[in-house]
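Each remark here refers to the structure printed beneath this line.
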Amino acid sequence: MTTATGTRDFLLPDLGEGLSEAEIVEWRVAVGDVVTVDQTVVEVETAKAVVDVPCPYAGRVVALHGAAGEVRPVGQPLITIAPLDGDGGDDPHATYREEERAGSGNVLIGYGTGHGGAGRRRRRPRLALAPEPDVTPATAPVTGTPTADGPDRPPRTAPLVISPIVRRLARERGLDLAALRGTGPGGVIRRADVEAASTAPAAPLAAVPDAPAAHVGLAPAGDGDVVIPLTGIRKVIADKLSRSRREIPEVTIWVDVDATGLLATRAAINAATPESPVSILALLARICLSGLRKYPQLNAHVDTEGQRIVQSAGVHLGIAAQTDRGLVVPVLRDAQRLTTRELAAALAETTAAARAGTLPPARLTGGTFTLNNYGVFGVDGSTPIINHPEAALLGVGRIVDKPWVVDGQLAVRKVTQLSLTFDHRVCDGGVAGGFLRHVADCVEQPALLVANV
């Protein structure tokens, strides 16, 4: 968007997947810097992933709209660029169009995702080591919409961090990068700075100044209270789960099962082909796919506007995964087309990428059924909330030794609890119970799975 003064406002672009806002993680440029077309200018965090945002304009940065930690809505100004002398001021878009014709592509880049052509390399973040007079990267003003701190308080400036490893390390150790002093060139915060700060004596926790009460009738935060803003992925998780509970009349049923046979089957498979092992989760995924083939009513969602139930042709299997950023549900699309060994490989790759934060937003949406292995947390059962707008979720508890009756005799067996939470609008208890019983029978007698695939 071009202003009357010839400057160009680059608006926060549509990030896709229904996302309407993003939180500024780190500015990669400062006021006074010269940027080129498609240069990454800011790193933002959405509910889905951390994304590098390139600017489609070339020129000098005259304003940054928003500080680190601030949430910006899509379509609002993100950065203001002024044309350089002699760069085609009569047509402020000339530089962009020339680059575009040459094959430039301004794309949003998530860490670890493929982007660009084979010969295109991601530009490294540009750091101004010799800033313009009266403007330094550490004190560059941030203009735009006032933040909650009010107009009389100095704006918070973005910490000078280049490496995502440094940011992740600081997050893991509970450190505020804005409070650290970098020892790298130009004040860049290095890994050694984070490690040194994490070993220093902890300062007393200060109360949040002027923190308003969350709601009328609730006491404001007192001294020593920890106040955690409900932003970013935590806000999206809260909104989605609240919507699920508001809209979906969910029911949970469960059953204890003897998983001894399933463990023995996995051991036999892995002994035969140790070079490509199969996990218990992969076998459970295969059993779920078998159950959904028999009971497709659960591989569906309710279209409330159209007043209809939509059964999906393919099974886009969601796998609940706990990460440092929170709970995410990466999706294996058309999982029914994969062999059990391919499922195992895809699950291992997907969950590792989810925990590393390298999955693009498209891999975190569009599921039709979710498998949740909460047994990894050492718990037996749960009544999980459905991942809206899906219709069902299968939960698996820990597998432990328990007394079990086998052929009239008491024995010690490997026992787990399965729970199925389902949307009562898509089916009644008979279908849900039939699905859960099918899954339980296949866990107890894996030979039944072979007979159904």
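If you filter the range 355-364 down to residues that are outside any helix (DSSP H, G or I) and touching a Gly at 6+ places or on another chain (Cβ under 7 Å), you find that the one that is surrounded by the most Cβ atoms within 10 Å (Cβ to Cβ) is P360.
The residues of the range 365-384 that are open to solvent by less than 40 Å² (accessible area, probe 1.4 Å) and touching a residue at least 60 places away in the same chain (Cβ under 8 Å), listed by number, are T365, T368, F369, L371, G381, P384.
Got at least one residue in the range 189-201 being modelled with pLDDT of 60 or more, part of a loop (DSSP other than H, G, I, E, B), of a type outside the set (S, T, N, Q) and surrounded by 12 or more Cβ atoms within 10 Å (Cβ to Cβ)? Checking the range 189-201: at least one residue is modelled with pLDDT of 60 or more, part of a loop (DSSP other than H, G, I, E, B), of a type outside the set (S, T, N, Q) and surrounded by 12 or more Cβ atoms within 10 Å (Cβ to Cβ). The set of residues in the range 68-85 being among the aliphatic types (A, V, I, L, M), farther than 30 Å from D239 by Cβ and in a loop (DSSP other than H, G, I, E, B) consists of L84 alone. Count of the range 325-338 residues, restricted to those that are modelled with pLDDT of 95 or more and either surrounded by fewer than 19 Cβ atoms within 10 Å (Cβ to Cβ) or over 30 Å from G232 (Cβ atoms) (or both), is 5. Being touching a helix residue (DSSP H, G or I) at 6+ places or on another chain (Cβ under 9 Å) and within 23 Å of D239 (Cβ to Cβ) is the filter; apply it to the range 44-67 and report the residue that is surrounded by the fewest Cβ atoms within 10 Å (Cβ to Cβ). Ranking the candidates gives E45 first. In the set (1) open to solvent by 60 Å² or more (accessible area, probe 1.4 Å); (2) part of a strand (DSSP E or B); (3) over 30 Å from G174 (Cβ atoms), Q322 fails one condition alone, (3).
Conditions (1) outside any loop (DSSP other than H, G, I, E, B); (2) touching a helix residue (DSSP H, G or I) at 6+ places or on another chain (Cβ under 6 Å), marked per residue:
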{"position": "G318", "(1), (2)": "yes, no"}
{"position": "Q336", "(1), (2)": "yes, yes"}
{"position": "R341", "(1), (2)": "yes, no"}
{"position": "A353", "(1), (2)": "yes, no"}
{"position": "G367", "(1), (2)": "no, no"}
{"position": "T370", "(1), (2)": "yes, no"}
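The values are calculated or read from the model by the stated rules, or taken from the named source; none is laboratory data. As the structure is a computational prediction, the values presented were derived from the model and not from experiment. Please note: Cβ atoms are built from the backbone with ideal geometry, for glycine as well, and neighbour counts cover all protein chains shown. Keep in mind that these areas ignore ligands, DNA and RNA; they rest on the heavy atoms of the full protein, side chains included. Shrake-Rupley method; radii C 1.70, N 1.55, O 1.52, S 1.80 Å.
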